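A.B. asks: Before I ask anything, here is the structure I am working with.
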Amino acid sequence: MRILALDPGAKRIGIAISDELKLIAQPLEFVPAKPFADFLARLKQLVEQKEVELILVGMPRNMDGTYGPAASRVQEFVSDLEKAIPLRIRKWDERLTTVQANRILTEANVRRDKRKQKVDKMAAAILLQSYLDSLHETDSTTDEHR
């Protein structure tokens, strides 16, 4: 089973997927955010095809850790997902993932017009890798204390 990450934006939703061992995140695609029904149809396809057990959604936070207007929109998005998808959904701090994604793509000499197409799915992959790393940090800490 895999974990699917979503980086929801006003125009596009970036999507990333984990490997079956939940060690590595990879960018998958981006889907237009509207119409929402079309996004949901694609998400349901991916959940079935990729054998997803958990959906991770990027939760925007301010640098001081507080939640702003964007977080309210994502909370509404998560609420709509919970009604439509019978899977566990977890929110995860997405601070600076888009900044990191843009930096990585810029350093890789990806042209600006191509970068726009890749940044959302790359941000979703960074978000997911952060979550996967936290799972394994817990595992290694537990192992050390046995």
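The values are calculated or read from the model by the stated rules, or taken from the named source; none is laboratory data. Note that this is a predicted model, so its numbers are computed, not measured. Ideal geometry is used to build each Cβ from the backbone, glycine not excepted, and the neighbour counts take in all protein chains shown. With ligands, DNA and RNA removed, areas are computed over all heavy atoms of the protein, side chains included. Shrake-Rupley method; radii C 1.70, N 1.55, O 1.52, S 1.80 Å.
A.B. asks: Carbon-plus-sulfur fraction of the accessible area of the range 40-93, 1.4 Å probe, in percent?
C.D. replies: 47
A.B. asks: Do me a favour and compute the ellipsoid semi-axes for the chain from its Cα gyration tensor, root of five times each eigenvalue, largest one first, whole Å.
C.D. replies: 22, 20, 17
A.B. asks: Ok, one more. If amide hydrogens are placed 1.01 Å from N in the peptide plane, which non-local residues have theirs closer than 5 Å to the one on G9?
C.D. replies: G14
A.B. asks: Between M63 and W92, what is 0.36 nm times their sequence separation minus the Cα-Cα distance? Round to one decimal in nm.
C.D. replies: Details: separation 29, 0.36 × 29 = 10.44 nm, distance 1.44 nm.
Between M63 and W92, full extension yields 9.0 nm more.
A.B. asks: Could you give the size of the charge dipole of the chain about its Cα centre, using +1 on the Cβ of each K and R and -1 on the Cβ of each D and E, expressed in debye and rounded to the nearest 20?
C.D. replies: 800
A.B. asks: Averaged per residue, what accessible area in Å² does the chain show with a 1.4 Å probe, protein chains only?
C.D. replies: On a per-residue basis, the chain sits at 59 Å².
A.B. asks: Relative contact order for the chain: what is it in percent, counting Cα pairs under 8 Å that are at least 6 residues apart?
C.D. replies: Worked out over the chain, it gives 31 percent.
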